[in-house]
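Worksheet for the structure shown next.
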Amino acid sequence: MDIQPAPEGAYADADGVKYHYLRMGAGSPTIFLHGGGPGCTAWSDFGPVAPLFARDRECLLVDILQYGRSEKCVITGPMWDFHAAKTVALMDALGIARADFVCNSWGGTIALNLAAKYPERVRSLVVTGSMPVFYGPLAPLPEGARRGRNARDAYYGGGGPSWEKMRDLIARLEWYDPDAVPDETVSLRYQQSLDPEEMALAAATDNPRGDWQDLTDELGRITAPALFAWGMHDAFLTPDYPLMLARMVPRGHLYVMDHTSHHLQEERPHDYYTVVTGFLNQAHDG
């Protein structure tokens, strides 16, 4: 399924920051939070699969702060606490009392922290490719978990961003089959990566993204059912890591999808939808 043109977006003020989001479908509120790679947006990460979920759900695809068309604010203090609080403020602004969350990478870490600190706001959550804790059952984590940061530095460094560098990044780190990466996805991510404010954030040396947090203590406090949907060949974190996470979350589940890497929702959207919607439609205490 190729990515289609994005629907018309909207903006919302949330406790002093401005979010951009896309709204599709009707039904149970479902918030999609994307990953933190260069040029990532809600639509670049979930565009191929969102129309499937929108058949029977109200889908809100949110550009997380510092990405897409959302505000490029400077974050101080613990980063995941900041994102969780602002996401709750966005829910308040949109009149959403409780939602399911479907998330990739950075977005999943935000949702896990949100579920721990604001349990009444989360019905269930699906997390793919996130790293909420800094250790794994097979220590150390691959490349000390520095791979994403190194990839960002390499992409923006040297001669600067290019379409070819973006395609190489996606093919090496996010997709299992490098030949299957759609040109449209590469172009979407590349164009967004040229946003002057995103480039300034990438070049900043004063940690404008906030202080990293380990969420070990938070995971045990999550009361919502959580599905860790993982790629068998995830380039960042092998499946033993989400198995550990699923055991740390009281109502944790694990599904590992073959022939996928870090972005299974893009690589196999129909299969991802089938697995995830089946989980979301279970009777998770209302």
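Among the residues of the range 1-34, count how many are in contact with an Asp or Glu (Cβ under 8 Å, 6 or more places away or on another chain), open to solvent by 70 Å² or more (accessible area, probe 1.4 Å) and at pLDDT below 95.
Number of matching residues: 1.
Would you confirm whether any residue within the range 207-218 is farther than 26 Å from Ala84 by Cα and either part of a loop (DSSP other than H, G, I, E, B) or aliphatic (A, V, I, L, M) (or both)?
no
If a residue must be assigned to a loop (DSSP other than H, G, I, E, B) and aromatic (Phe, Trp, Tyr), how many such residues does the range 80-122 contain?
Residues flagged as assigned to a loop (DSSP other than H, G, I, E, B) and aromatic (Phe, Trp, Tyr) within the range 80-122 amount to 1.
So for the range 138-160 (the condition being modelled with pLDDT under 95, assigned to a loop (DSSP other than H, G, I, E, B), charged (D, E, K, R) and open to solvent by 80 Å² or more (accessible area, probe 1.4 Å)), does at least one residue qualify?
There is at least one residue in the range 138-160 that is modelled with pLDDT under 95, assigned to a loop (DSSP other than H, G, I, E, B), charged (D, E, K, R) and open to solvent by 80 Å² or more (accessible area, probe 1.4 Å).
Test Thr205 against the criterion of being open to solvent by 20 Å² or more (accessible area, probe 1.4 Å), in contact with a helix residue (DSSP H, G or I) (Cβ under 6 Å, 6 or more places away or on another chain) and over 23 Å from Leu173 (Cα atoms), and give yes or no.
Answer is no for this residue.
Any residue in the range 188-211 that is farther than 18 Å from Lys165 by Cα sitting within a Cβ distance under 9 Å of a residue that is polar (S, T, N, Q) and open to solvent by 30 Å² or more (accessible area, probe 1.4 Å)? List the pairs, counting only those 6 or more apart or interchain.
Matching pairs, first to second residue: Asn207/Thr76; Pro208/Thr76; Gly210/Thr76; Asp211/Thr76.
Quick grid of which residues meet (1) in contact with an Asp or Glu (Cβ under 6 Å, 6 or more places away or on another chain); (2) free of Cβ contacts under 8 Å to residues at least 60 places away in the same chain; (3) not hydrophobic (A, V, I, L, M, F, W, C):
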{"site": "Gly36", "(1), (2), (3)": "no, no, yes"}
{"site": "Ser44", "(1), (2), (3)": "no, no, yes"}
{"site": "Pro51", "(1), (2), (3)": "no, yes, yes"}
{"site": "Ala54", "(1), (2), (3)": "no, yes, no"}
{"site": "Leu90", "(1), (2), (3)": "no, no, no"}
{"site": "Phe101", "(1), (2), (3)": "no, no, no"}
{"site": "Trp106", "(1), (2), (3)": "no, no, no"}
{"site": "Pro119", "(1), (2), (3)": "no, no, yes"}
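Could you tell me whether any residue of the range 3-19 is in a strand (DSSP E or B) and within 18 Å of the chain's Cα centre (by Cα)?
Looking for residues that are in a strand (DSSP E or B) and within 18 Å of the chain's Cα centre (by Cα), one finds at least one in the range 3-19, hence yes.
Being surrounded by fewer than 24 Cβ atoms within 10 Å (Cβ to Cβ) and in contact with a Ser or Thr (Cβ under 8 Å, 6 or more places away or on another chain) is the filter here, so list the residues in the range 65-81 that pass it.
Scanning the range 65-81 gives a single hit, Arg69.
Just the residues that are surrounded by 12 or more Cβ atoms within 10 Å (Cβ to Cβ) and either aromatic (Phe, Trp, Tyr) or over 20 Å from the mean Cα position of the chain (by Cα) (or both), please, taken from the range 169-179.
Result: Trp175, Tyr176, Asp177, Pro178.
What number goes with the only condition from (1) part of a strand (DSSP E or B); (2) crowded, with 19+ Cβ neighbours inside 10 Å that Val256 does not pass?
Only one criterion in (1) part of a strand (DSSP E or B); (2) crowded, with 19+ Cβ neighbours inside 10 Å is unmet by Val256, namely (2).
Which number in (1) within 27 Å of Ile75 (Cα to Cα); (2) outside any loop (DSSP other than H, G, I, E, B); (3) modelled with pLDDT of 95 or more marks the one condition that Val186 misses?
That leaves (1) as the condition not met.
The values are calculated or read from the model by the stated rules, or taken from the named source; none is laboratory data. A quick note: this is a predicted structure, and the numbers were derived from the prediction, not measured. Neighbour counts are summed over all protein chains in view; Cβ atoms, including those assigned to glycine, are modelled from backbone coordinates with ideal geometry. Accessible surface areas use protein heavy atoms only, side chains included; no ligands, DNA or RNA. Shrake-Rupley method; radii C 1.70, N 1.55, O 1.52, S 1.80 Å.
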